1. Write out, first by first residue and then by second, each pair whose Cβ atoms fall under 6 Å of each other, whose residues are 6+ apart or on separate chains, and whose first residue, in segment 45-72, is in contact (Cβ under 8 Å) with a residue 24 or more places away in the chain and away from ligand 1 (no atom under 12 Å from the Cβ) while the second is open to solvent by 30 Å² or more (accessible area, probe 1.4 Å) and assigned to a loop (DSSP other than H, G, I, E, B).
2. In this structure, does F58 turn out to be surrounded by 13 or more Cβ atoms within 10 Å (Cβ to Cβ) and either touching a strand residue (DSSP E or B) at 6+ places or on another chain (Cβ under 6 Å) or polar (S, T, N, Q) (or both)?
3. Across segment 121-148, which residue is farthest from N79 (Cα to Cα) among those that are part of a loop (DSSP other than H, G, I, E, B) and modelled with pLDDT of 75 or more?
4. Name the one entry in K9, K28, K53, K36 that is over 17 Å from L136 (Cβ atoms), basic (K, R) and under 13 Å from the mean Cα position of the chain (by Cα).
5. Output the number of residues of segment 93-120 satisfying the condition of being open to solvent by 40 Å² or more (accessible area, probe 1.4 Å) and either more than 9 Å from ligand 1 (Cβ to nearest atom) or assigned to a loop (DSSP other than H, G, I, E, B) (or both).
Amino acid sequence: MEKTFLMVKPDGVQRNLIGEIVNRFESKGFTLVGGKLMQISQELAEQHYGEHKERPFFGELVEFITSGPVFAMVWEGENVISTARLMMGATNPKESAPGTIRGDFAVTVGKNIIHGSDSPESAVREINLFFKEEELVSYDKAMVSWIN
Ligand code: RTP
Ligand code: MG
């Protein structure tokens, strides 16, 4: 089953949006298979955003993502990579539609609440960068019997 890496950025954590964001993906029907609150190091930030190294905003981006705790997650489900990107909304909240996470909660491009992998290759790379194999749990909700 397809997996993606999603992360509530420091602005989302500071604004108490972890629960809201987890709720959206749970309600949609995706499955949380890994999650942790963590402080990103300078080195990890530079690796994670390596593709933007030459961009003028790289310094600010690394400074922001290391400025406070983030909530890193792995989600599983059919087409979860592209559907999560749709649910997040456009990178610049000026253009993200109402109903999307960035459309509902963000105003500026530098503080846009959530990160999500943009392709299957990025998803594999980012999951491996943030999580050890033993930190991911695969399970079948249909097999859980104590809620009936
Ligand atoms: P992300 O990687 O954080 O999920 O965001 P994204 O794919 O939608 O956008 P991407 O192009 O990968 O850009 C990464 C982050 O860099 C910041 N950014 N700032 N000042 C600017 O013009 C600018 N452009 C991008 C945003 O915070 C974006 O999420
Ligand atoms: Mg990106």
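The values are calculated or read from the model by the stated rules, or taken from the named source; none is laboratory data. In this text the structure is predicted, and so the values were computed from the model without any measurement. Every residue, glycine among them, receives a Cβ derived from its backbone with ideal geometry; neighbour counts consider all protein chains shown. These accessible areas exclude ligands, DNA and RNA; they are computed on the full protein's heavy atoms, side chains included. Shrake-Rupley method; radii C 1.70, N 1.55, O 1.52, S 1.80 Å.
1. So the pair list comes out as P69/Q39.
2. It is false that F58 is surrounded by 13 or more Cβ atoms within 10 Å (Cβ to Cβ) and either touching a strand residue (DSSP E or B) at 6+ places or on another chain (Cβ under 6 Å) or polar (S, T, N, Q) (or both).
3. Among them, the one singled out is K132.
4. K9
5. Result for segment 93-120: 12.
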